[in-house]
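Written below as structure tokens is the structure these notes are about.
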Amino acid sequence: MEENRKDERVLHNYFRSSSSYRVRIALNLKGLPFEYAAVHLNRNGGEQFQTEFKTLNPQGLVPVLRDQGLNVSQSLAILEYLEEKYPHPPLLPQAIEDRAYVRQLALAIACEIHPISNLRVLKFLTGTLGLSEESKGMWVKHWTEIGLSALESELAHSTKRGRYCFGDVPTIADCCLVPQLFNARRFAIDLSQYPTLTTIDAACQELSEFQRAHPQCQPDSE
Ligand SMILES: N[C@@H](CCC(=O)N[C@@H](CS)C(=O)NCC(=O)O)C(=O)O
């Protein structure tokens, strides 16, 4: 019984959540099977607010990875945990300078683009502040375009870029980029402004590890 509990790997997540999508890609790239536990962010008033889930993560945010009895939240902390616990295949390059660069790309997405358009932020805009759907769309477009333009400029001029954000092996930067572009498409943002980003995205989408992580392929997909 104890052994079963220790062997478990469960990802508490939501198909359309881009933070969850990052972790699904990383788990697939590392070849780590996991049980899919769906947390519906809109149903029942938001399952992320229910006591059972809040016990797992008081922040009320997905994803949470349960691995061998350990619960980890915050997708970048999960990716770093997976990298340290299961180093092969690596999702960070070898050299310390290159690792810093890849983290810089990943955090530019996870810290600067994603949080401003998270569900609870958008609900506050349209609910508490009474903004229209159109204004909400303008908000998302404005902040996403600022973030993606900076990333496009960075990667377009990077000598480290290869087939993927860094070289020819996917890293945590790609785990963050692909879901963020998925989000941008949902909000009808014109991605033709970002030819470098969309080229990398297309290369990633050719890999089954990315395909299997796609929101449409998840059991709770609508
Ligand atoms: N920084 C967190 C962000 C997590 C996050 O924002 N998750 C969203 C889905 S992508 C969520 O659970 N939102 C619920 C809500 O806004 O109520 C991470 O990287 O894990």
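Restricted to segment 71-114, and to residues there that are within 14 Å of the ligand (Cβ to nearest atom) and open to solvent by 50 Å² or more (accessible area, probe 1.4 Å), the residue that is farthest from the chain's Cα centre (by Cα) is N71. K30 meets the conditions (1) away from the ligand (no atom under 14 Å from the Cβ); (2) open to solvent by 30 Å² or more (accessible area, probe 1.4 Å) in every case but one. The failed one is (2).
Results for (1) without any contact (Cβ under 8 Å) to a residue 12 or more places away in the chain; (2) in a helix (DSSP H, G or I); (3) touching a Pro at 6+ places or on another chain (Cβ under 6 Å); (4) of a type in the set (D, E, K, R), shown as yes or no for each residue.
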| position | (1), (2), (3), (4) |
| --- | --- |
| L131 | yes, no, no, no |
| V140 | no, yes, no, no |
| L151 | no, yes, no, no |
| S158 | yes, no, no, no |
| D174 | no, yes, no, yes |
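Open to solvent by 80 Å² or more (accessible area, probe 1.4 Å) and in a helix (DSSP H, G or I): does that describe Q211? Yes: the conditions hold for Q211. Number of residues in segment 165-186 that are farther than 23 Å from W139 by Cβ and open to solvent by 70 Å² or more (accessible area, probe 1.4 Å): the value is 2. I189 fulfils the conditions (1) surrounded by 17 or more Cβ atoms within 10 Å (Cβ to Cβ); (2) more than 20 Å from S117 (Cβ to Cβ); (3) among the β-branched types (V, I, T) except for a single criterion, (2). Tallying residues that are touching a residue at least 24 places away in the same chain (Cβ under 8 Å) and among the polar types (S, T, N, Q) within segment 61-73 yields 1.
Scanning segment 115-134 for residues that are within 14 Å of the ligand (Cβ to nearest atom) and either surrounded by 13 or more Cβ atoms within 10 Å (Cβ to Cβ) or under 17 Å from E145 (Cα atoms) (or both) gives P115, I116, S117, N118, L119, R120, V121, L122, K123, L125, T126.
Counting only residues that are touching an Asp or Glu at 6+ places or on another chain (Cβ under 8 Å) and either within 10 Å of the ligand (Cβ to nearest atom) or over 19 Å from R120 (Cβ atoms) (or both), segment 37-66 holds 4 of them.
Is it the case that segment 9-26 has a residue that's more than 26 Å from L148 (Cβ to Cβ) and open to solvent by 30 Å² or more (accessible area, probe 1.4 Å)? Checked segment 9-26: at least one residue is more than 26 Å from L148 (Cβ to Cβ) and open to solvent by 30 Å² or more (accessible area, probe 1.4 Å).
The values are calculated or read from the model by the stated rules, or taken from the named source; none is laboratory data. Quick caveat: nothing in here was measured; it's all calculated off a predicted structure. Here the Cβ is made from the backbone with ideal geometry for all residues, glycine too, and neighbour counts use every protein chain on show. With ligands, DNA and RNA removed, areas are computed over all heavy atoms of the protein, side chains included. Shrake-Rupley method; radii C 1.70, N 1.55, O 1.52, S 1.80 Å.
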